[in-house]
1. Which ranges mark the strands (runs of 3 or more DSSP E) fully within region 55-153 that have 1 or more residues being among the basic types (K, R)?
2. Quick check on region 82-97: of everything there that is more than 12 Å from the chain's Cα centre (by Cα) and among the hydrophobic types (A, V, I, L, M, F, W, C), which residue is nearest to D66 (Cα to Cα)?
3. Pairs please, first residue from region 81-102 and without any contact (Cβ under 8 Å) to a residue 40 or more places away in the chain and charged (D, E, K, R), second anywhere and buried (at least 16 other Cβ atoms within 10 Å of the Cβ) and outside any strand (DSSP E or B), Cβ atoms under 7 Å, 6+ apart in sequence or on different chains.
4. Look at T34 and say whether it is modelled with pLDDT under 50 and either assigned to a strand (DSSP E or B) or closer than 30 Å to F125 by Cα (or both).
5. Within region 93-102, take every residue that is touching a Cys at 6+ places or on another chain (Cβ under 9 Å) and farther than 18 Å from L133 by Cα and give me the one that is surrounded by the most Cβ atoms within 10 Å (Cβ to Cβ).
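The values are calculated or read from the model by the stated rules, or taken from the named source; none is laboratory data. The structure displayed is predicted, hence computed values, not measured ones. Glycine gets a Cβ as well: all are built from the backbone with ideal geometry, and neighbour counts include every protein chain shown.
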Amino acid sequence: MRGSVVGTAVTLAAGTLLTAAMTTASASVPTTATTPVRARPGQPVLVDCFFHRNVRPNDFILACGDGNSRLTGLHWTQWGPDGAKAVGVNMVNDCKPYCAAGTFHSYPVVIRLSGEQAWKKHPYFLRFANLSLTYPGARPDTFKPVMNYPLWD
């Protein structure tokens, strides 16, 4: 009986420490509430990690699995069937010594969306299929000056 009580206590303590570490890591990421803009007919959308359609969002998560890369402070200068363009900041976790204890760094970026396609989930909506980030200055060590990402369908 005593062994199971100690085992339970150790498991609970480990869970508490893991939760505290994850909360601390995610607390350092600035977040902003995004009020979704309704898409008009024929207006392309940006599909996020949760398969919500967005138009001119204020922020956008790039690393859906762990949230270690996100776009914030987005200011859109173009949004339409010919593509979309914004400036903002890419917040990237350096994951040193590991991601939960890492530090987020901000890098100014120019964002371009392109490749309008019918969205498989809702074919009556066009969605952007590609996202390109251009780093005009500093960038994470392993990143190229221009990074291209396929977007969710």
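1. On the way: elements: 69-80, 83-93, 104-114, 130-134, 146-150.
Those strands (runs of 3 or more DSSP E) span 69-80, 83-93, 104-114.
2. Narrowing region 82-97 to residues more than 12 Å from the chain's Cα centre (by Cα): 82-88, 94-97.
Retained after the next criterion (residues that are among the hydrophobic types (A, V, I, L, M, F, W, C)): 84, 86-87, 95.
Working: A84: 26, A86: 24, V87: 23, C95: 11 Å.
Looking at the filtered set, the residue picked out is C95.
3. K96/G102
4. Values: modelled with pLDDT under 50: yes; either assigned to a strand (DSSP E or B) or closer than 30 Å to F125 by Cα (or both): yes.
Yes; evaluated as a whole, the condition is true for this residue.
5. To start, the set of residues in region 93-102 that are touching a Cys at 6+ places or on another chain (Cβ under 9 Å) comprises 93, 101-102.
Filter again for farther than 18 Å from L133 by Cα, leaving 101-102.
Working: A101: 13, G102: 16.
Among those that are touching a Cys at 6+ places or on another chain (Cβ under 9 Å) and farther than 18 Å from L133 by Cα, it is G102.
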